[in-house]
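Okay, structure first, notes after.
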Amino acid sequence: MATINYTASPTVGRFMQSAAFGRLIAGPVGSGKTIGCIFELFRRSCEQAPAPDGFRYTRWAIVRQTLKQLKDTVLKDITSWLDGIAAYKVSDNTIYIQMGDVRSEWILIPLDSPEDQRRLLSMQLTGAWMSEAIEMDVGLVDALAGRLGRYPSAQLGGATWFGMIADTNMPTEGSDWHKFMDSNTPPDWQIFIQPGGLEPTAENLNWLTQTNETLKLPIDHPDRIAQGRKYYERLARGHGTDWVRRYVHAQYGNDPSGTAVFRETFNRSFHVAEDVLVSRSSPLIIGQDFGRDPCSVICQLDHKGRLLVLQEVIAEDIGLEMHLEKMLRPTLMHERYLGRPIAMVGDPSGVSKSSIYEETTFDVLKRLGFNAFPAPTNDIDPRLRAIEAFLMGQRDGGPAIIFDRDRCPVLIRAMAGGYRYAKTKAGVRKPLPDKNEYSHVIDALQYAALAAHGGMSGYFARKMAHRPRTVRPKITAASWA
């Protein structure tokens with residue numbers, strides 16, 4: 001039997017390592033998504049625990065809009081990569097995988113006829129793969145989920161792992177799939193987005209449009225990478241802006257109902273990283289949004305001048321004081337932040353007294369032990385420019401602002417299109433961003449960026465100089481221990 005050598009790209013590797021019930025991988029055309037899904041099904045088939053008779057039984061549905069699409073893409077790739085162990089039976093549109101003790105059925109299910117749809121939703125499956133998911137109704141996810149984990153039966157030992165995988169190119173902003181991937185992702189799903197094809201970290205370039213000469217070069221040789229990148233350069237020249245945005249740059253397509261505020265400057269693959277490390281030498285700066293749904297964004301300006309967006313702390317329908325005591329303070333007590341000096345920056349309107357209470361918002365912050373300062377302004381233009389300055393900047397060839405992938409999910413969705421300008425009925429863009437579910441957390445980030453932009457330490461030093469010279473304890477995250 002021939003040896004099969006497959007090395008997953010970084011994003012596909014993370015996709016395969018996840019044990020989530022549902023996983024979706026999105027990216028540009030040609031980025032290796034389909035092959036990654038093939039090997040994910042193959043791997044799960046091999047990892048299935050043996051039944052009492054010694055065989056490893058699994059059954060997978062591979063779903064796409066039409067049978068022709070399945071045969072032209074998925075079937076050809078499966079039989080090419082798994083040559084010798086995969087046999088396609090035309091009469092029942094099923095690929096049978098036999099290798100050692102592995103016995104796996106991969107059933108091709110199109111959705112272009114009611115009969116096939118009924119067949120899909122009556123099957124007993126281990127799992128399913130939605131190929132080119134955005135071509136299908138997102139409602140299929142819930143309908144299909146009920147058919148999974150039902151094979152092998154309990155008599156055969158049950159499924160070692162069951163669930164659903166999906167691959168796709170990027171959907172349009174505002175579409176059902178955009179909401180599924182960005183703002184309404186089920187808790188048992190994970191979304192993985194590959195870098196754009198023209199990004200320095202683009203994936204699968206070693207195998208795109210290679211010549212006989214470049215295939216002889218080592219993996220990741222500059223000439224081999226350059227040859228693969230020509231694939232995307234050619235696509236970018238031959239298609240319109242919106243098409244290139246989705247299928248080359250792996251960004252959400254333009255939503256005709258509005259415009260994302262940071263659509264031209266925020267790049268998820270460039271500005272988002274996993275587990276952003278907290279600097280030992282720099283103070284924490286907390287951007288704070290007030291109101292009935294208060295939000296805190298914990299940031300840090302490191303020695304390179306990068307704004308590290310470390311964590312969001314979001315409240316719903318509670319007062320500021322309860323948010324600070326019950327949510328923000330426990331977060332700051334984590335060992336990740338202990339011992340670092342803290343400064344908080346918020347809306348300067350918080351220095352004003354209300355007609356009912358003598359205590360201002362900033363009085364509350366100080367009473368609770370926070371070194372709190374009003375931002376230089378609450379005007380929207382300089383706030384947006386402060387974030388844009390970091391988005392457009394670079395430090396040592398990398399981003400000037402970095403968002404922690406797991407600790408800032410709402411912020412990342414906001415940056416990727418949730419925070420947006422609406423349009424009038426005449427189709428004219430409104431001058432101010434919409435007040436929506438993302439505006440509070442973005443406001444908090446804006447205040448932090450205002451303080452950090454141009455030098456946070458100088459800003460705080462000037463503010464401290466105007467304070468009465470009274471002896472105050474130095475507050476750090478460790479002070480509440």
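Read the figures in this text as sums done on the coordinates, not as results from a lab. It should be emphasised that the depicted structure is a prediction, and the values quoted were computed from it without experimental measurement. FYI the Cβ positions are ideal-geometry reconstructions off the backbone, even for glycines, and counts take in every protein chain you see.
At a glance:
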quantity: Rg over Rh [alpha-carbon atoms, Kirkwood Rh] for the chain; calculated: 1.04
quantity: Nearest-0.05 FRET efficiency for residue 94 and residue 430, computed from C-beta distance (R0 56 Å); calculated: 0.55
quantity: Selected from 299, 217, 49, residue furthest toward positive end of dipole (the chain; charges at beta carbon); calculated: 299
quantity: Projected label distance in nm at residue 379 and residue 79, using a 7 Å step from Cα toward the beta-carbon; calculated: 6.7 nm
quantity: J(HN,Hα) series, region 55-64, from Karplus relation 6.51 cos²θ - 1.76 cosθ + 1.60, nearest Hz, glycine and proline x; calculated: 9, 9, 9, 8, 9, 10, 9, 10, 10, 8
quantity: Within the chain, helix-based [θ] at 222 nm, where runs of 4 or more DSSP H residues each add -39,500 (n - 2.57), nearest 500; calculated: -7500 deg cm²/dmol
quantity: For residue 194, distant residues with modelled amide H under 5 Å away; calculated: 26, 27
quantity: Calculated from backbone phi, Karplus (6.51, -1.76, 1.60) coupling profile of region 265-276 in Hz, x at Gly/Pro; calculated: 10, 8, 10, 4, 5, 9, 9, 10, 9, 8, 6, 5
quantity: Volume in Å³ per residue [convex hull over Cα atoms, computed for region 11-193]; calculated: 115 Å³
quantity: Order by protection proxy (mean Cβ within 10 Å, highest first), peptides 309-320, 25-36; calculated: 25-36, 309-320
quantity: Residues whose placed amide H lies under 5 Å from that of residue 20, excluding near-sequence neighbours; calculated: none
quantity: Size of charge dipole - the chain - debye, nearest 20, with Cβ of Lys, Arg +1 and Asp, Glu -1, no other charges; calculated: 1040 debye
quantity: Principal-axis tilt of helix 439-452 within the chain, Cα atoms, nearest 10 degrees; calculated: 60 degrees
quantity: Rg/Rh ratio calculated on Cα atoms of region 298-358 (Kirkwood radius); calculated: 1.03
